[in-house]
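Below you'll find the structure, written out as structure tokens, and then a few comments.
The values are calculated or read from the model by the stated rules, or taken from the named source; none is laboratory data. The structure presented is a predicted model; accordingly, all values stated were derived computationally and were not measured. Note that each Cβ is placed from the backbone with ideal geometry, even for glycine, and that neighbours are counted across all protein chains shown.
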Amino acid sequence: MRNLKWFGVALGVLAGASAARADGPKELWHYYAAGSEKAGIEALIAFANKQNPDNQIVGKVIPGNAVEMRRQLQTAFMGNTPPAAYQSSMAFELKTFVDSGKLHDLSETWAKIKGDEIFPEGVQRVVKVDGKPYGIPYDLSLINNIFYSKAIFEKAGLQPPRDYEGLVAVCDKLRAAGVEPLGNAGGPFWSLYNFYAPLVSTVGTEGYYKIASGELGFDTPEFRKALELYRDTMVKCYAKNWSGKTWTQTADDVVNGNTGMFMMGAWAAAYFKQAGFAPVEKFDVFPAPGTEGKAIFQMDAFAVPEGPADTLETAEKFVISAASAEGQATFAVPKGSLAPNVTVDPSIYDAVGAKFARQLADASKANAVLPNLFFLLPTKVGTELGVQLEKFAIDPSDSNESELISTLESLRQEAQAEGAYLKW
């Protein structure tokens, strides 16, 4: 009898939590807490609420990043109090909650926004699980471009290089002129992002996806060749003491004339502008060698948890507004990122942003839009790849290369045995 009574109380608590969620404010969880990110998300929420006056949504900041968001969501799902929608990374970050039955299938919404028409094929691949969309893309940044100081290049009589031989030659001339050639920053992401250019140059688009699906091993001649190309070009060009800096400190080195080039995501353009370093006048960009005609990207999407009908209605109307050309422009302009929706007019961007938009559009037509490999890999493999690449970039010795290969290959085989890989 006591167990039955407890069960009834538990049902009442869960029902109360569900009712509170249905009747209270509908929340959008995100981790854009400051600067251009905050400006972008607030502008998008205001736009969506104006379009949907009877389905208002409010933003709630979850401090941190995708990892902290995942933790907060796990707690919310246990208490039956998830938000109406939330900011998610792509691929495995979505699949985790899809597998546990927590996310709402957005197939009907996808059809309404014509997702297969407005988003590049490479973008679609990482918001669909088993062919069904669970995320609506809204924030995209390219990560295969190199920023450079116009003044430093002009003073040294240099032009942006088109291949790896040219990159090394430019680096040698910059060093001779007393300027650090190529900036980088500490942490498990930046060296990894830089490595994608040598990787794609070596294995091609098909090989890139084969690594993502576990079909191409880390001990193969192709992967070893990519490591050697990275070591002999980009690592060779890195500025002194780069591993002790944040990416913003390295960006400051470019602004202050101490470093000539910096390979970083498109968000660096917004940082440069805020520092008074004007696009085209003070800085410009060129695609990393081997990636011309390609777009390697990092992206966020809005995901919708399962929930009461009225909460799902509000979430659906919000993500429809967020997917529209006007909604994506409303976010992208203050944020300083790209709209994944290729129907957005490139005139909304400044000169460098327009370059990024054309790069994405052209790569989309050529089916050469590649998602950040980190999120395509099983979590343990992707995390260790970032750790090992940074270690190798700091000390590209034969012993570190051997350790990188053996560690990653062991994890690949383990993940394969567990059935953890997917074909995105």
Seminar exercise, completed: Over the range 374-407, the set of residues surrounded by 14 or more Cβ atoms within 10 Å (Cβ to Cβ) and more than 21 Å from Ser89 (Cβ to Cβ) is Lys391, Phe392, Ala393, Ile394, Pro396, Asn400, Glu401, Glu403, Leu404, Ile405, Thr407
Exercise. Say we look at the range 120-134 and pick out the residues that are assigned to a loop (DSSP other than H, G, I, E, B) and in contact with a strand residue (DSSP E or B) (Cβ under 8 Å, 6 or more places away or on another chain); which of these is nearest to Pro340 (Cα to Cα)?
Worked result: Pro120
Exercise. Which one of these is basic (Lys, Arg) and in contact with a helix residue (DSSP H, G or I) (Cβ under 6 Å, 6 or more places away or on another chain): Lys317, Lys294?
Worked result: Lys294
Exercise. Quick check, is Thr233 over 12 Å from Tyr148 (Cα atoms), buried (at least 16 other Cβ atoms within 10 Å of the Cβ), of a type in the set (Val, Ile, Thr) and in contact with a helix residue (DSSP H, G or I) (Cβ under 6 Å, 6 or more places away or on another chain)?
Worked result: yes
For this session: Restricting attention to helices (runs of 4 or more DSSP H) lying wholly within the range 359-424, give those where 2 or more residues are closer than 21 Å to Gly122 by Cα.
Result: 373-376, 379-394
Exercise. In this structure, is Asp300 farther than 26 Å from Ile113 by Cα, surrounded by 15 or more Cβ atoms within 10 Å (Cβ to Cβ) and at pLDDT 95 or above?
Worked result: no
For this session: Look at Val235 and say whether it is out of contact with any strand residue (DSSP E or B) (no Cβ under 6 Å at 6 or more places or on another chain), part of a helix (DSSP H, G or I) and aliphatic (A, V, I, L, M).
Result: yes
Exercise. What is the residue count in the range 293-329 for residues that are out of contact with any Gly (no Cβ under 8 Å at 6 or more places or on another chain) and among the polar types (S, T, N, Q)?
Worked result: 4
For this session: Might you check whether a residue that is closer than 30 Å to Lys423 by Cβ, crowded, with 20+ Cβ neighbours inside 10 Å and not aliphatic (A, V, I, L, M) occurs anywhere in the range 146-157?
Result: no
Seminar exercise, completed: Among the residues of the range 200-227, the number that are assigned to a helix (DSSP H, G or I) and without any contact (Cβ under 8 Å) to a residue 12 or more places away in the chain is 4
Exercise. How do the pairs read when you match residues in the range 307-320 that are within 15 Å of Gly59 (Cα to Cα) with residues anywhere that are surrounded by 23 or more Cβ atoms within 10 Å (Cβ to Cβ) and at pLDDT below 95, using Cβ under 9 Å and keeping only pairs 6 or more apart or on different chains?
Worked result: Thr311/Arg21
For this session: Return yes or no: is Gln249 of a type in the set (S, T, N, Q), at pLDDT below 95 and surrounded by fewer than 22 Cβ atoms within 10 Å (Cβ to Cβ)?
Result: no
For this session: Exactly one condition in (1) modelled with pLDDT of 95 or more; (2) buried (at least 20 other Cβ atoms within 10 Å of the Cβ); (3) outside the structural domain of Glu390 (by TED's automatic domain parsing) is not met by Ala111; state its number.
Result: (2)
For this session: Could you please let me know if Glu403 is farther than 18 Å from Ala301 by Cβ and modelled with pLDDT of 95 or more?
Result: yes
Seminar exercise, completed: All conditions in (1) farther than 28 Å from Ala329 by Cα; (2) under 18 Å from the mean Cα position of the chain (by Cα); (3) buried (at least 22 other Cβ atoms within 10 Å of the Cβ) are true of Asp139 except (1)
Exercise. Is there a residue in the range 81-103 that is of a type in the set (Phe, Trp, Tyr) and over 23 Å from the mean Cα position of the chain (by Cα)?
Worked result: no
For this session: Check every one of the strands (runs of 3 or more DSSP E) wholly within the range 1-101 and list those with 1 or more residues that are at pLDDT below 95 and not assigned by TED's automatic domain parsing to the domain that holds Glu326.
Result: none
For this session: Sort through Ala315, Ala322, Ala269 and tell me the only one that's assigned to a helix (DSSP H, G or I) and outside the structural domain of Gly122 (by TED's automatic domain parsing).
Result: Ala269
Seminar exercise, completed: The correct count of residues that are under 20 Å from Ala43 (Cβ atoms) and in contact (Cβ under 8 Å) with a residue 24 or more places away in the chain in the range 334-374 is 12
Exercise. Considering the range 142-158 alone, what residues qualify as being assigned to a strand (DSSP E or B) and of a type in the set (A, V, I, L, M, F, W, C)?
Worked result: Leu142, Ile146, Phe147
Exercise. Can you tell me how many residues in the range 331-352 are assigned to a helix (DSSP H, G or I), touching a Ser or Thr at 6+ places or on another chain (Cβ under 9 Å) and crowded, with 22+ Cβ neighbours inside 10 Å?
Worked result: 2
Exercise. Which condition number in (1) surrounded by fewer than 22 Cβ atoms within 10 Å (Cβ to Cβ); (2) in a loop (DSSP other than H, G, I, E, B); (3) touching a strand residue (DSSP E or B) at 6+ places or on another chain (Cβ under 6 Å) is the one that Arg162 fails?
Worked result: (3)
